[in-house]
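Input: a single structure, listed below in structure tokens.
The values are calculated or read from the model by the stated rules, or taken from the named source; none is laboratory data. Given the structure is predicted, the values throughout are model-derived calculations rather than measurements. Every residue, glycine as well, gets a Cβ built from its backbone with ideal geometry; the counts of neighbours run over all protein chains shown.
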Amino acid sequence: MATGTKHVTEQLERVVIRFAGDSGDGMQLTGDRFTTSSALLGNDLATFPDFPAEIRAPAGTLAGVSAFQVHISDHEITTPGDAPNVLVAMNPAALRSNIELLPKGATLVVNVDEFDERNLAKAGYEANPLTDESLAAYTVYEVPMTSITQEVCKEAGIKPRDAERSKNFFALGLVSWLYTRPIDPTLKWITERFGNEGPVAEANTRAFRAGYHFGETAELFTSNFEVRPAPFEPGEYAQVTGNQAVAWGLLTAARLAGLSLFLGSYPITPASDILHELSRRKEFGVRTFQAEDEIAGVGSALGAAFGGSLGVTTTSGPGLDLKSEMIGLAISLELPLIIVDVQRGGPSTGLPTKTEQADLLHAMYGRHGEAPLPIIAAKTPSHCFEAAIEAVRLAVTYRTPVILLSDGYLANGAEPWRLPDLSAMLPIEPGFASEPNHVADDGTPSFQPYVRDPETLARPWAPPGVPGLEHRIGGLEKADETGNVSYEGHNHETMVRWRAAKIAGIAKVIPALEVDGEDDAELLVLGWGSTFGAINAGVARARDRGHKVAQAHLDYLNPFPLNLGEVLRRYPKVLVPEMNLGQLSKMVRAEFLVDAKSLNKTQGVPFLAGQIEDAIMELLEGEA
Amino acid sequence: MTTAIPVTTRKDWTSDQEVRWCPGCGDYSILAAVQMLMPDLGVRRESTVFLSGIGCAARFPYYMNTYGMHSIHGRAPAIATGLATTRPDLDVWVITGDGDALSIGGNHLIHVLRRNVKMTILMFNNQIYGLTKGQYSPTSEVSKVTKSTPFGSVDRPFNPISLALGAEATFVARTHDMDRAHMQETFRRAHDHNGAAFVEVYQNCNVFNDGAFADVTGRDVRSSMLIPLVHGEPIRFGAEGERGVVQRSDGQLEIVNVADVGEDALLVHHEAHADPGLAFALSRLASGPHEPTPIGVFRAVERPEYGEEMSRQIVRAQEQRGVGDIEALLRSGSTWTVD
């Protein structure tokens, strides 16, 4: 080992690193590996993969830039960080499209090899920003990542063009040194992923080591940094993304219910990873069906539910539009069905890879007729696990379709997750009908499919196969109890009210809304879904500035917890931040006549903690 | 433990619901044919499911004393796919019409056929929209004058048999509502097929399209206008079997007088050809139900059934990896312990 400068290792409480490069540069993989090493080191963390819809936009262009932001810390954090402390830019386009995010004084590590005339022109730079003083406010490290990678690979007989593809591992190695990450997990992972031998594993290994050694030996960096483990509750932890957690939650729920899982789905960003994850878990008995379209996805799931399986469909906004009619049928049939909507920017094709929360009103009202169903929203990547199980519990117990709302940010974002104690989880009881529930006037027993449980108002779930329980159901209005077709007006109203009362009655079994904060707080911040992290951090900052601010987060959007009205009226002011134009705020204003203020963002990226903080401060001090 | 299948009669398969099709509708005879066939199929009521979409035909499940679902327009094959693949113990029937199956549900139909999911699909073709009171359908002839086409339709119709063969269906047949014995034999064959079986049933809508098939199914013309397809037999028809089908040297099929060409020149029907080409040519023999029209089984081939293949993958995964363990699943990535 060459003797380099003796470096000082400085302690940091937290750091936000953003890796940015071309779509083909492997930035998601780089960020993901850095995240894993940090998780294994015991940091708390939150990630934000931010990539374009195009698989490979023209190389070197702004449209093709893919980024991955990770926030690591020695204390609990809930967001991927408002602004990066370090930006790793693999080319001029990556620099140009991310530099605005970087606060003055931050660190910039650039792959100087890519800053040639051609790439500068593609990124729209007239002058080289590395030489024109425009980056004077930053600490800039110019590192020849491509050429060193090619150099170290040449010794192993790997051609420069092939070696070039490993430059992201050089970047990973360099940043791993800069933040004192262990190198063994990554070296082991390279071997597992790319095979023990062969040029790819060799090139990646060499590039990774070269990056690490470069940090150590090049007299460029005066110090490196350490972010110590965060104080986690004792237990076993895994790193999990939202989509993974939904898939695992569904498998767990199926086990808790003793049902076989059937997923009918059509590929759609950003939900497809749930289909992928379940498709590779066939040993759990899960049947995954890639349908011909979104309608067949939900239709097959409903058919499976009719047969007594746990029927699930996964989708995003455009798919939810298409599934609406089938969801209405499921409401009429009163069969359990799970619809997972991983929201993205809309309307229409919108922003396939960018996050938004604008499907709430669609989930709530997007069907013809009076067609209520329960809605559950996940708030963090790991909470997707619990939320999926809860969705199944409600669907099975109340014989109803349930919409589970996730979003692009939760789907791809990762966080450490303390593994749950499975043995403590309550079973889910399908309670299949097993015998006739009615006796005709002449004494013959019969089965009436729409006789309701007095407690839940749910009808019996009677899959085919049981003699004496043969029955017909359908989308035409049914006579109360017998389920025969009925066009009679008063019966229709009875059925409309039964269906409404059944869903409204779920409020009796869901937990009361918990409030974090004092009763005499000046302001309540009410959120739902993935804004949880940013709201949490924003509220903490406002409290640090001496304000009494309360925070509550809704996991159940329909029905609302029974105490929501009381909670809302407890505080003089209510702020509802949402990644839409005010959908939850519209719902609570309509339901509870409270003057909730809406804070909106529809830029395809999550709120920053600072934006929440500013809105709180404005509401508290703006009028003063 | 299996118990003997109880002996049943038509009455056991008939629900208590009043049948509400128009008097004289062809659907009545199809319903009767199915209800009377069921006791002979060796199946149980509780293991039988009739599924449908929307349309006159789609009311069918309400009249069968089995499990049933009247779903939404065109989607029954998709719903049936979920049911049939998760419940291989069930007999799944899909009752559909020309609008339901070929217009709004066309996509589901072709995909269920190509996948070969085990279900029996009976498509009642009356070449009209009946339930919405008389608009032209995807099987209506060109220039059809209806409420929605007062100047005549300009769409070219689908030939349902050609479409099913084009989707590589493994079982494709045609029958008609005037011949109970032929319906029952065709339905029985379709039911016994291991895969997706598609049966087109010529069905008279006496209110909105009366007599659409009279040129070929009328009692007096039937023998000269319907060409029965019998596996392994030369294709011939007419009261005395005086006409037949030959394949010309250019590959095209042609109807000839048997006396002119000799019996040995007739095309022998083979429903199990791997290549659906000849079956397709037979489906094109008549351009509409006004010319001699083949009925019977066009194609019946064996191909792996979709649900069985799906189950096989599960069994294989469980053999190789053991039955899935949730605890292990949650630890399948990197994990670490905090003390």
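For the range A:569-584, the set of residues classified as farther than 20 Å from A:Tyr556 by Cα and either part of a loop (DSSP other than H, G, I, E, B) or among the hydrophobic types (A, V, I, L, M, F, W, C) (or both) consists of A:Tyr571, A:Pro572, listed by residue number. If you go through the range A:272-291 and keep only what is in a strand (DSSP E or B) and either within 18 Å of the chain's Cα centre (by Cα) or more than 10 Å from chain B (Cβ to nearest Cβ) (or both), you end up with just A:Gln290. Scanning the range A:317-345 for residues that are surrounded by fewer than 24 Cβ atoms within 10 Å (Cβ to Cβ) and within 13 Å of chain B (Cβ to nearest Cβ) returns A:Leu322, A:Ser324, A:Glu325, A:Ile327, A:Gly328, A:Ile331, A:Ser332.
Just checking, which of B:Leu163, B:Leu131 is out of contact with any Phe, Trp or Tyr (no Cβ under 8 Å at 6 or more places or on another chain) and at pLDDT below 95? Outline the logic, then answer.
Details: B:Leu163 fails: at pLDDT below 95.
The unique qualifying residue is B:Leu131.
Among the residues of the range B:64-85, the ones that are at the interface with chain A (Cβ under 7 Å from one of its Cβ atoms) and touching a residue at least 12 places away in the same chain (Cβ under 8 Å) come to 15 in all.
Of the residues that sit in the range B:299-339 and are basic (Lys, Arg) and either in a loop (DSSP other than H, G, I, E, B) or in contact (Cβ under 8 Å) with a residue 60 or more places away in the chain (or both), which one is farthest from A:Ser260 (Cα to Cα)?
The selected residue is B:Arg299.
Pairs, please: C-beta under 9 Å, at least 6 apart or cross-chain, first residue crowded, with 21+ Cβ neighbours inside 10 Å and in the range A:362-383, second part of a loop (DSSP other than H, G, I, E, B) and charged (D, E, K, R)? Listed by first residue and then by second, the contacts come to A:Leu373/A:Arg367; A:Ile376/A:Asp555; A:Ala377/A:Asp555; A:Ala378/A:Asp555; A:Lys379/A:Asp555; A:His383/A:Asp555. When only residues in the range B:67-94 that are buried (at least 24 other Cβ atoms within 10 Å of the Cβ) and over 23 Å from A:Ala433 (Cβ atoms) count, which is farthest from the chain's Cα centre (by Cα)? The extreme case among them is B:Ile72. Whether a residue is surrounded by fewer than 17 Cβ atoms within 10 Å (Cβ to Cβ), within 14 Å of another protein chain (Cβ to nearest Cβ) and either at pLDDT 95 or above or not in a loop (DSSP other than H, G, I, E, B) (or both) was assessed, and A:Glu226 does not pass this test. Hey, A:Glu197 hits all of (1) at pLDDT 95 or above; (2) more than 14 Å from chain B (Cβ to nearest Cβ) but one; which does it fall short on? Answer for A:Glu197: the failing condition is (1). Regarding the range A:293-307, can at least one residue be identified that is in a loop (DSSP other than H, G, I, E, B), surrounded by fewer than 21 Cβ atoms within 10 Å (Cβ to Cβ) and either within 24 Å of the chain's Cα centre (by Cα) or within 7 Å of chain B (Cβ to nearest Cβ) (or both)? Yes, the range A:293-307 has at least one match. In the range B:17-28, the residues that are more than 12 Å from every other protein chain (Cβ to nearest Cβ) reach residues that are at pLDDT 95 or above and part of a loop (DSSP other than H, G, I, E, B) with C-beta atoms within less than 6 angstrom, at least six apart or across chains, in these pairs: B:Cys22/B:Val207; B:Gly24/B:Asn206; B:Gly26/B:Asp177; B:Gly26/B:Gln203; B:Gly26/B:Asn204; B:Asp27/B:Trp21. Of all residues in the range A:451-463, one or more are hydroxyl-bearing (Ser, Thr, Tyr) and part of a loop (DSSP other than H, G, I, E, B).
Among the residues making up the range A:267-298, those that are farther than 20 Å from A:Thr252 by Cβ and aliphatic (A, V, I, L, M) are A:Ile268, A:Ala291, A:Ile295, A:Ala296, A:Val298. Scanning the range A:466-512 for residues that are facing chain B (nearest Cβ under 8 Å), free of Cβ contacts under 8 Å to residues at least 24 places away in the same chain and either buried (at least 16 other Cβ atoms within 10 Å of the Cβ) or part of a helix (DSSP H, G or I) (or both) turns up A:Glu470, A:Arg472, A:Asn484, A:Val485.
Within the range B:92-103, does at least one residue satisfy the condition of being within 14 Å of chain A (Cβ to nearest Cβ) and modelled with pLDDT under 95? No; the residues of the range B:92-103 include none that is within 14 Å of chain A (Cβ to nearest Cβ) and modelled with pLDDT under 95.
Would you point out the residue of the range B:322-339, among those that are within 7 Å of chain A (Cβ to nearest Cβ) and polar (S, T, N, Q), that is farthest from A:Pro185 (Cα to Cα)? Steps first, please.
Going residue by residue through the range B:322-339, those that are within 7 Å of chain A (Cβ to nearest Cβ) are B:322-324, B:326-327, B:329-331, B:333-339.
Adding the requirement that they be polar (S, T, N, Q) leaves B:334-335, B:337.
Details: B:Ser334: 9, B:Thr335: 12, B:Thr337: 15 Å.
If we take residues in the range B:322-339 being within 7 Å of chain A (Cβ to nearest Cβ) and polar (S, T, N, Q), then B:Thr337 is farthest from A:Pro185 (Cα to Cα).
For A:Leu575, state whether it is within 25 Å of A:Gly413 (Cβ to Cβ) and either free of Cβ contacts under 8 Å to residues at least 24 places away in the same chain or crowded, with 24+ Cβ neighbours inside 10 Å (or both). Answer is yes for this residue. Might you check whether a residue that is more than 19 Å from A:Ile389 (Cα to Cα), in a helix (DSSP H, G or I) and within 13 Å of chain B (Cβ to nearest Cβ) occurs anywhere in the range A:261-271? The answer is no; no qualifying residue exists.
Per-residue answers, yes or no, for (1) among the small types (Gly, Ala, Ser); (2) more than 17 Å from the chain's Cα centre (by Cα):
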| site | (1), (2) |
| --- | --- |
| B:Pro6 | no, yes |
| B:Pro23 | no, yes |
| B:Gly26 | yes, no |
| B:Ser29 | yes, no |
| B:Arg59 | no, no |
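Can you find a residue that is basic (Lys, Arg) and either over 26 Å from A:Gly582 (Cα atoms) or more than 14 Å from every other protein chain (Cβ to nearest Cβ) (or both) anywhere in the range A:346-368? The answer is yes; a qualifying residue exists.
Quick one: count up the residues across the range B:103-114 that are in contact (Cβ under 8 Å) with a residue 40 or more places away in the chain and surrounded by 23 or more Cβ atoms within 10 Å (Cβ to Cβ). Number satisfying all stated conditions: 4. The sole residue among B:Asp264, B:Asp275 that is surrounded by fewer than 17 Cβ atoms within 10 Å (Cβ to Cβ), in a helix (DSSP H, G or I) and modelled with pLDDT of 95 or more is B:Asp264. Within the range A:46-65, if we keep just the residues that are surrounded by 24 or more Cβ atoms within 10 Å (Cβ to Cβ) and within 18 Å of the chain's Cα centre (by Cα), the residue that is nearest to A:Gly124 (Cα to Cα) turns out to be A:Asp50. Pairs are defined by a Cβ separation below 8 Å, a sequence spacing of at least 6 or placement on different chains, a first member in the range B:39-54 that is at the interface with chain A (Cβ under 8 Å from one of its Cβ atoms) and at positive phi, and a second member that is crowded, with 22+ Cβ neighbours inside 10 Å and not charged (D, E, K, R); no pair meets this definition.
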